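The values are calculated or read from the model by the stated rules, or taken from the named source; none is laboratory data. None of these values were measured; they are calculated from a predicted model. Every residue, glycine as well, gets a Cβ built from its backbone with ideal geometry; the counts of neighbours run over all protein chains shown.
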């Protein structure tokens, strides 16, 4: 995707929310805020529920180039941490 397509957007890789990965591999949330093995479909559904206009893109996270899990591109309506926490919280509530 061209750089202009990311204007006002943010990229969410599943590893950002995944409790199974350490921060050194890309996890962005604390262990109590993150989710165990979130799927891209769960992230898309949670982002849609939050009104973030998600779009799926087939790609692999650069630090984990051998795992092709995809990424989700959402509208940047809040800060990065706030968005990640809201999506993780929504996934937790969908699972329970």
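All of (1) in a helix (DSSP H, G or I); (2) in contact with a helix residue (DSSP H, G or I) (Cβ under 7 Å, 6 or more places away or on another chain); (3) within 19 Å of residue 83 (Cα to Cα) hold for residue 63 with one exception: (3). Summed over the range 22-38, the residues that are touching a helix residue (DSSP H, G or I) at 6+ places or on another chain (Cβ under 7 Å) and either buried (at least 17 other Cβ atoms within 10 Å of the Cβ) or farther than 14 Å from residue 83 by Cβ (or both) give a count of 8.
Note on the range 1-21: among residues that are surrounded by 11 or more Cβ atoms within 10 Å (Cβ to Cβ) and out of contact with any strand residue (DSSP E or B) (no Cβ under 9 Å at 6 or more places or on another chain), the one that is nearest to residue 75 (Cα to Cα) is 16.
Residue count for the range 44-57 satisfying the condition of being free of Cβ contacts under 8 Å to residues at least 40 places away in the same chain and in contact with a helix residue (DSSP H, G or I) (Cβ under 9 Å, 6 or more places away or on another chain): 5. The single condition among (1) surrounded by fewer than 17 Cβ atoms within 10 Å (Cβ to Cβ); (2) outside any strand (DSSP E or B) that residue 91 does not meet is (1).
Within the range 66-85, the set of residues being farther than 12 Å from residue 12 by Cα and either touching a residue at least 24 places away in the same chain (Cβ under 8 Å) or part of a loop (DSSP other than H, G, I, E, B) (or both) comprises 66, 67, 68, 77, 78, 79.
In a strand (DSSP E or B) and either over 12 Å from the mean Cα position of the chain (by Cα) or at pLDDT 95 or above (or both) - does that describe any residue in the range 46-54? No, the range 46-54 contains no residue that is in a strand (DSSP E or B) and either over 12 Å from the mean Cα position of the chain (by Cα) or at pLDDT 95 or above (or both). Taking the condition touching a strand residue (DSSP E or B) at 6+ places or on another chain (Cβ under 8 Å) and within 13 Å of residue 14 (Cβ to Cβ), does residue 88 pass? Yes.
For the range 22-31, the set of residues classified as part of a loop (DSSP other than H, G, I, E, B) and closer than 19 Å to residue 79 by Cβ consists of 26, 27, 28, 29, 30, listed by residue number.
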